[in-house]
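Worksheet: the structure to be examined is printed underneath.
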Amino acid sequence: MKYKVVIAYDGTAYSGWQYQDNALGIQQVVEEALLYLEGAPVRIFGSSRTDAGVHAKGFVGHFWLTKPIPPKNLVRAMNSRLPESVRILKAAYAKEDFDARLSAKGKEYRYQLYQSDILPPHLAPYWTFCHRPLDLAAMQKAAAHFVGKHDFLSFAANPNRELETTVRTIFSFEVKKAGPRYTFVVRGDGFLYKQVRSMVGFLIAVGKGNEKPEAVRELLEQHPARTARVETAPGRGLFLWKVFY
């Protein structure tokens, strides 16, 4: 049977989703739980690759089991074998043509920033800290320039693998504020390596007054190779919020 699962995880202690030989990835942890249930190795295919320290609320994966387990029982069985930092939220039987990555129509990421003199310790793993005041209106204006179909070469890190294209479409990009908490909500058809963190990093520079909102449009139109001008925001504030199918 083929299964689709929705996974939430605290990425603080992990090197990202992807299995790695020299570090612990979340994929490895999930596959170890499946190994126990199946009695043989099981490969889970994920909806995307998240970086070290990045979290997820709605990561999606698919896999096959030769020993079928009802979805509700599968959720309980997997969670009983997983660390508390990784939870299976939902499980369902999947159609044969479903692919967690290739079937996705879009993704939503959220980035959390706490602006104050002091960052409460319990928020530290999930919020990036900024002590300097930020211009919300300027960041919102800059975020609007990202919406649409653009070449995001200037806002992506080198993934150490060949890419077919660096063109992506952003459906929406909002910047919200509630007290000291800023939330950056971006939806798109797909994202390049470290693209979301790079876009947020640039918006923070705009909020600090180091860049003008119009600089986003200039970089997208000219799409020069990435430089130190575009900083990558820390991984801990980023959540893969939802995958759309």
Between helix 71-81 and the chain: long-axis angle, C-alpha atoms, 0 to 90°, nearest 10: 80
Helix 136-146 vs. the chain, principal-axis angle (Cα, 0 to 90°, nearest 10): 70
Rounded tilt (10° steps) of 26-38 against the dominant C-alpha axis of the chain: 10
Net charge dipole size for the chain [Lys, Arg +1 and Asp, Glu -1 on Cβ; Debye, nearest 20]: 620
Ellipticity estimate at 222 nm from DSSP helix runs (n ≥ 4, -39,500 (n - 2.57)) divided over the chain, nearest 500: -7500 deg cm²/dmol
Residues with amide H under 5 Å from that of Ser47, placed H, sequence gap 5 or more: Val60
Estimated FRET transfer efficiency (Lys95, Arg229; beta-carbon r; R0 41 Å; 0.05): 0.35
In Hz, Karplus ³J(HN,Hα) per residue of region 61-70 (6.51, -1.76, 1.60; θ = phi - 60°; x = Gly, Pro): x, 9, 6, 10, 10, 8, 10, x, 10, x
Taking the chain and dividing mean pair separation by its residue count, relative contact order in percent (alpha carbons under 8 Å, at least six apart): 24
Structure-derived semi-axes √(5λ) of the Cα gyration tensor in Å - corresponding label in (1) 34, 20, 15; (2) 38, 20, 14; (3) 32, 21, 19: (1)
Order by protection proxy (mean Cβ within 10 Å, highest first), peptides 221-230, 94-103: 94-103, 221-230
Alpha-carbon centroid distance for the pair region 69-118 / region 180-245, whole angstrom: 24
Charged-residue dipole, Cβ positions (Lys, Arg, Asp, Glu), region 2-93 about Cα centre, Debye nearest 20: 500
Contact order normalised by residue count of region 106-244, Cα under 8 Å, 6+ apart, percent: 38
Intensity falloff of region 108-234 expressed as log10 I(q)/I(0), Debye formula with alpha-carbon point scatterers, at q = 0.16 Å⁻¹: -0.74
Neighbour net charge for Glu218 - beta-carbon separation under 15 angstrom, K R +1, D E -1: +1
Of Lys57/Lys208; Lys4/Lys72; Lys107/Lys149; Lys107/Lys176; Lys105/Lys176, pairs whose Cα-Cα distance is over 21 Å: Lys57/Lys208; Lys105/Lys176
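Computed from the coordinates by the stated procedures, all read-outs in this text should not be read as laboratory data. Computed from a predicted model, the values in this text were never measured in an experiment. Don't worry about glycine lacking a Cβ; one is built from the backbone with ideal geometry, like all the others, and counts go over all protein chains shown.
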